[in-house]
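Some notes on the structure that comes next.
The values are calculated or read from the model by the stated rules, or taken from the named source; none is laboratory data. Fair warning: this is a prediction, and the values are worked out from it, not measured in the lab. Here Cβ is always computed from backbone atoms with ideal geometry, including for glycine, and neighbour counts include all displayed protein chains.
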Amino acid sequence: MVILDKLKSLFKKNQYLQLNEKNEEFNRTAPIITIDTIEAIINDDEVYQKFIKCDNVQEIFLSSVTKPDYIKAVYEYANFMEQRGKQFSKENLKRIKKMTGHKFKNSKYINKSVEGYNLQDIALDIIRDENAFDLFVNMNDNEGTFCGFSKLQIEQYIKTNLAQFFQKSLIKLNEESNKRLNIIEEIYNIKSKSYTIDLSLYEQINEEFEKSIMQEIPIDSDKEIVIEQIYCNLNKILGYDQNFFSMNQDFSNDFTNKLYNKSLKECSEDKKVTCKSWAELYTYFLKKNGIDAYINQNGEHKYVTIINGCKMITADATNLTQSKIDKTRMSDLTRAKLGIKPAGLKVRDLKTNIVSQIDVQSQKQFTIKYNELNNVSELIELIGDNRNYKSELFDINSNSDNKSILQELSIINNILKDSKLNRN
């Protein structure tokens, strides 16, 4: 574990506290105790001796916290670590006893398979060290182990142990470390509230369909390119299941449930999906390409979340969304066929919390000229989603910069207004 040896170097990196080298008067105070400070007091003899001898900790630290509070924090830290099997050195145990008056003991029951690696030390390193954090968050879920522990084990430990400890304790993390802890906690929460698919449990999907999805994606493409291209390719081919929609998504009906729970193989053959089967198909292709994806649920509606390092990507092709780019309201199943940029593929940077639409575009599948398509059912088959025309037809915003798209959508609307389908 990376422990800073000297208090002076420690406080250069600590934005909350500064070493009071000149024992000077000061105005800036820090009403918190960082874990770095507690470990320096326990591990570094020079810091420990200064701490023991001083009557007022402000002689050492630019801090408004009292010495009894520091001693209480040492006790909290030692108690937390002892309960989780940390092996303190004999010298550290003596120091802790002298400061707190409590005799802590090392556990005699150590898992030999992870000897030399301590889960809490590893977890603390990850949230306190930028390099360890980056290495950890960029691991795939099933990419082996991190210092002998699975990624899920460490995420769960950080969520259920470290986060709760720092929430209740006098000891706090600095701002950057706390941000890393919050990111891992959020990632764990997403995973725990979702499900993914086990490729080994799924029947082989239609081979030609699979080839059509993966075509034109170079083998050495980075993750973001694969995520974007699979999304576009799926949406160009798939259409929303009109039978499911016509049943008003009534889950008390056996027929509706059968459509909702269609197998991936069936969907790859008839190319008709609901939100559930679309989410599972997209997850299927992502996982086949080594990308971790999770299926989330909002009521009965399902969509996909992809964790890519510190980027959280949400993918939802079946929801009728309002695009911030061209102001149209439709599903990405339709946008992909019209060659419009998707609105349901968004990325949030977990470090900055900035959300943006992913700027990728499908190749246009067809061009519509007025009266070219008199058969509305053929039009719907081409576009792949009849829900856009149930009542409002296409929701067109005249302020859109994409005039050619506006013209085509107006033509579609005119065709549909003359039909009986939009009144069904």
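Taking the conditions exactly as written (under 30 Å from Cys267 (Cα atoms) and surrounded by 18 or more Cβ atoms within 10 Å (Cβ to Cβ)), does Ile190 satisfy them or not? No: the conditions fail for Ile190. Here Val57, Val74, Val65 are screened, and the one residue that is aliphatic (A, V, I, L, M) and either farther than 16 Å from Ser169 by Cβ or loosely packed, with under 13 Cβ neighbours inside 10 Å (or both) is Val57.
Checked against (1) in contact with a Cys (Cβ under 8 Å, 6 or more places away or on another chain); (2) surrounded by fewer than 15 Cβ atoms within 10 Å (Cβ to Cβ), Asn261 meets all criteria but (1).
Among the candidates Phe88, Phe80, single out the residue that is in a helix (DSSP H, G or I), under 25 Å from Lys105 (Cβ atoms) and not charged (D, E, K, R).
Details: Phe88 fails: in a helix (DSSP H, G or I).
From the options Phe88, Phe80, the qualifying one is Phe80.
Quick one: which residue in Thr256, Thr283 is β-branched (Val, Ile, Thr), in a helix (DSSP H, G or I) and at pLDDT below 85? Step through it out loud before you land on a result.
Details: Thr283 fails: at pLDDT below 85.
So the residue among Thr256, Thr283 that is β-branched (Val, Ile, Thr), in a helix (DSSP H, G or I) and at pLDDT below 85 is Thr256.
What residue, among those in segment 193-219 that are touching a residue at least 12 places away in the same chain (Cβ under 8 Å) and part of a helix (DSSP H, G or I), is nearest to Leu152 (Cα to Cα)? Residue satisfying both the conditions and the ranking: Leu199. Only residues that are surrounded by 17 or more Cβ atoms within 10 Å (Cβ to Cβ), within 17 Å of the chain's Cα centre (by Cα) and either of a type in the set (D, E, K, R) or more than 17 Å from Gln83 (Cα to Cα) (or both) were counted in segment 157-178, giving 1.
There is at least one residue in segment 273-284 that is within 22 Å of Leu199 (Cα to Cα) and more than 22 Å from the chain's Cα centre (by Cα). Looking across Tyr370, Tyr303, one residue alone is at pLDDT 80 or above and of a type in the set (Phe, Trp, Tyr). It is Tyr303.
Within segment 220-231, residues that are under 17 Å from Tyr284 (Cβ atoms) and touching a residue at least 12 places away in the same chain (Cβ under 8 Å) sit with their Cβ atoms under 8 Å from residues that are β-branched (Val, Ile, Thr) and outside any loop (DSSP other than H, G, I, E, B), at 6+ positions apart or across chains, in these pairs: Ile227/Ile306; Ile227/Ile313; Ile230/Ile213. Scanning segment 287-301 for residues being under 16 Å from the mean Cα position of the chain (by Cα) and without any contact (Cβ under 8 Å) to a residue 40 or more places away in the chain gives a total of 0. Here Ile183 fulfils each of the conditions (1) of a type in the set (A, V, I, L, M); (2) modelled with pLDDT under 90; (3) out of contact with any Asp or Glu (no Cβ under 8 Å at 6 or more places or on another chain) apart from (2). Applying the condition of being modelled with pLDDT of 85 or more and in contact with an Asp or Glu (Cβ under 8 Å, 6 or more places away or on another chain) to segment 324-354 and asking which residue is nearest to Ser277 (Cα to Cα) yields Leu333. Considering only residues of segment 214-243 that are surrounded by fewer than 19 Cβ atoms within 10 Å (Cβ to Cβ) and of a type in the set (Asp, Glu), which is farthest from the chain's Cα centre (by Cα)? Result: Glu216.
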